[in-house]
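Enquirer: Got a structure here, written out as structure tokens. Questions coming.
The values are calculated or read from the model by the stated rules, or taken from the named source; none is laboratory data. Bear in mind that the values here come from a model prediction, so they are computed numbers and not experimental data. Quick reminder, even Gly has a Cβ in these numbers, built from the backbone with ideal geometry, and neighbours come from all protein chains shown.
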Amino acid sequence: MRRVRRLKSVFYIFAAIALLISLPSRAAFAQQPKPESSKQTPKDQEKAKATEADEPAAPADVPAKPKVRTITAFLKVDRSTYLQQIQDTVDFLNKAKAAFEKAGFEVQTLRIATQPFPEYTRDLPAEDAFKFLRELDHLAGKDGFLISVGPAMQHVGDDAQEAALLANALAPAENMNGSVAIAGEDGIHWDAIGAAAGVIAFLAQHSPRSQGNFSFAAISMVPPGTPFFPAGFNSGNEHQFAIGLQSANVIAEALAGKKNPADAENAIREKLGAFAVQIEQVGKDVAKETSWIYEGIDLSPAPLKRDSIGAAIESYTGGWIGSSGTLAAAAMITRAIQSIPVTRVGYSGLMLPVLEDSVIARRWSEGSISIDGLLAYSSVCGTGLDTIPLPGRVSPEQLIKILGDVASLSVKWRKPLSARLLPIAGKDAGDRTDFDNPRLVNVLLRPLP
């Protein structure tokens with residue numbers, strides 16, 4: 001109880017800092033012109049891909065093929081040369097995209113992940129640091145990529161003002177992501193949990209339709225070099241890149257008609273593995289032709305709406321997500337993924353994002369799955385609590401407890417997990433969300449745990 005009270009005080013200190021920073025920051029944002037560009041912005045790209053995911057599935061006789069969800073380049077930002085750095089990185093990403101498309105793989109997004117942003121903004125006044133982060137967001141929109149500025153807090157004792165700065169920068173952002181590290185090799189970072197809860201609460205109140213939390217994650221033991229956002233960040237090295245896949249359809253095809261777990265595991269390993277080897281070879285060829293280093297693939301089979309990992313699991317188990325057999329299926333899929341002989345990075349485990357998967361979203365609305373159930377599955381697969389919708393009246397104590405559970409599970413099993421929690425301001429249990437983000441499925445909010 002004493003710890004919760006202390007963390008609650010950290011939350012309120014954070015909230016006060018965020019409000020103080022937000023006044024000059026919002027004025028600065030209002031004065032900044034939107035970039036003019038004829039290029040398709042990352043938001044436009046996301047909308048197009050999400051619309052495609054809602055279209056009817058390919059005919060049954062067309063073999064499933066994974067998409068490259070992201071090519072992520074890792075950049076060490078230098079404020080004195082950042083414009084040229086970003087231009088060079090975008091040039092590389094477009095060359096890499098062309099190579100993957102030539103090999104027959106659709107590329108959905110291009111991304112840049114930097115080192116933790118306090119490393120390149122700490123010497124600036126808060127207002128100037130905010131302006132620099134806003135400039136990175138504008139550049140991403142202009143040049144057609146998404147950007148992650150890494151963790152605001154990474155170590156015990158880091159300044160919670162950095163988390164407040166991140167919250168203010170993410171609230172109006174369209175192309176930027178960020179995080180707070182709530183645990184690491186040294187254990188759970190309880191002060192960072194309080195700060196992360198503050199970011200979540202702030203974004204719920206100060207971003208359109210409370211969608212800002214889609215671009216924020218509380219991360220636990222997530223290593224640098226993870227291509228998926230919001231968790232991705234750079235360790236400080238340059239000219240590295242990694243690949244993330246959208247392959248729920250491949251898992252579904254591999255599991256079709258399979259009831260024996262060993263047969264199902266082998267089918268995933270063979271089907272997804274064959275594509276992964278091809279994709280890795282393209283990555284290695286790109287590395288040979290450029291000065292960039294290929295780091296590996298995050299094999300997590302990311303879903304997107306009707307391209308549903310939930311549907312794949314239900315077809316295999318014969319029950320709904322959340323019923324008996326779900327945990328065993330999650331473990332089996334993760335084992336298969338992690339046995340594929342390619343260089344793996346990031347989570348490389350099963351993802352169960354509630355708001356990005358049409359079937360999982362439906363089960364959430366029905367009450368078939370819960371936060372505790374998803375945490376149990378995370379003990380044998382990957383990611384953690386991903387895109388969890390919550391009533392807007394969730395309290396600081398409740399957010400802190402949920403994040404503490406994620407960090408505790410991560411540290412216990414020494415595995416990367418993260419939490420994307422989306423409280424919806426002004427809505428309560430039984431209300432329906434009204435997201436306009438094309439990647440998100442609207443759901444009924446469930447009672448607080």
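Enquirer: Between 165, 93, 146, 110, which is crowded, with 22+ Cβ neighbours inside 10 Å, in contact (Cβ under 8 Å) with a residue 12 or more places away in the chain, over 16 Å from the mean Cα position of the chain (by Cα) and closer than 17 Å to residue 75 by Cβ? Reasoning before the result, please.
Expert: Working: 165 fails: closer than 17 Å to residue 75 by Cβ; 146 fails: over 16 Å from the mean Cα position of the chain (by Cα); 110 fails: over 16 Å from the mean Cα position of the chain (by Cα).
After applying the criteria, what remains is 93.
Enquirer: Now for a different question. Any residue at all in region 125-148 that's in a strand (DSSP E or B) and either among the β-branched types (Val, Ile, Thr) or closer than 22 Å to residue 198 by Cβ (or both)?
Expert: yes
Enquirer: Now for a different question. Look at residue 174 and say whether it is outside any helix (DSSP H, G or I), more than 20 Å from the chain's Cα centre (by Cα) and in contact (Cβ under 8 Å) with a residue 40 or more places away in the chain.
Expert: no
Enquirer: While we're here: Kindly list the number of the only condition in (1) in contact with a Ser or Thr (Cβ under 9 Å, 6 or more places away or on another chain); (2) of a type in the set (Ser, Thr, Tyr); (3) over 30 Å from residue 113 (Cα atoms) that fails for residue 347.
Expert: The number of the failed condition is (3).
Enquirer: Sticking with this one: Step by step: first the residues of region 70-91, then only those that are of a type outside the set (S, T, N, Q) and in contact with a Ser or Thr (Cβ under 6 Å, 6 or more places away or on another chain), then the one that is farthest from residue 129 (Cα to Cα). Which residue is that? Give the derivation first.
Expert: If we filter region 70-91 for residues that are of a type outside the set (S, T, N, Q), which is where we start, we get 71, 73-79, 82-83, 86, 88, 90-91.
Filter once more, so that each one left must be in contact with a Ser or Thr (Cβ under 6 Å, 6 or more places away or on another chain): 73, 75, 77.
Working: 73: 23, 75: 18, 77: 14 Å.
Out of the qualifying residues, it is 73.
Enquirer: I've got another one for you. Out of all the residues in region 420-449, which are under 16 Å from residue 369 (Cα atoms) and either outside any loop (DSSP other than H, G, I, E, B) or charged (D, E, K, R) (or both)?
Expert: 421, 444, 446
Enquirer: Of the residues that make up region 181-195, is at least one in contact (Cβ under 8 Å) with a residue 24 or more places away in the chain, buried (at least 24 other Cβ atoms within 10 Å of the Cβ) and under 30 Å from residue 84 (Cα atoms)?
Expert: yes
Enquirer: OK, next. Taking the residues in region 314-366 that are within 22 Å of the chain's Cα centre (by Cα) and of a type in the set (D, E, K, R) as candidates, determine which candidate is nearest to residue 263 (Cα to Cα).
Expert: If we take residues in region 314-366 being within 22 Å of the chain's Cα centre (by Cα) and of a type in the set (D, E, K, R), then 335 is nearest to residue 263 (Cα to Cα).
Enquirer: Still on this structure, please answer the following. Among the residues of region 291-306, is any of a type in the set (S, T, N, Q), at pLDDT 95 or above and over 19 Å from residue 384 (Cα atoms)?
Expert: There is no residue in region 291-306 that is of a type in the set (S, T, N, Q), at pLDDT 95 or above and over 19 Å from residue 384 (Cα atoms).
Enquirer: Further question: Got a sec? Which helices (runs of 4 or more DSSP H) wholly within region 184-296 have at least 2 residues that are under 20 Å from the mean Cα position of the chain (by Cα)?
Expert: Working: elements: 190-206, 248-255, 261-289.
Correct list: 190-206, 248-255.
Enquirer: What are the pairs, 6+ residues apart or on separate chains, where a residue within region 216-237 that is on the phi > 0 side of the Ramachandran plot has its Cβ under 6 Å from a residue that is of a type in the set (D, E, K, R) and outside any strand (DSSP E or B)?
Expert: Between residues of region 216-237 that are on the phi > 0 side of the Ramachandran plot and residues that are of a type in the set (D, E, K, R) and outside any strand (DSSP E or B), the close pairs are 236/76.
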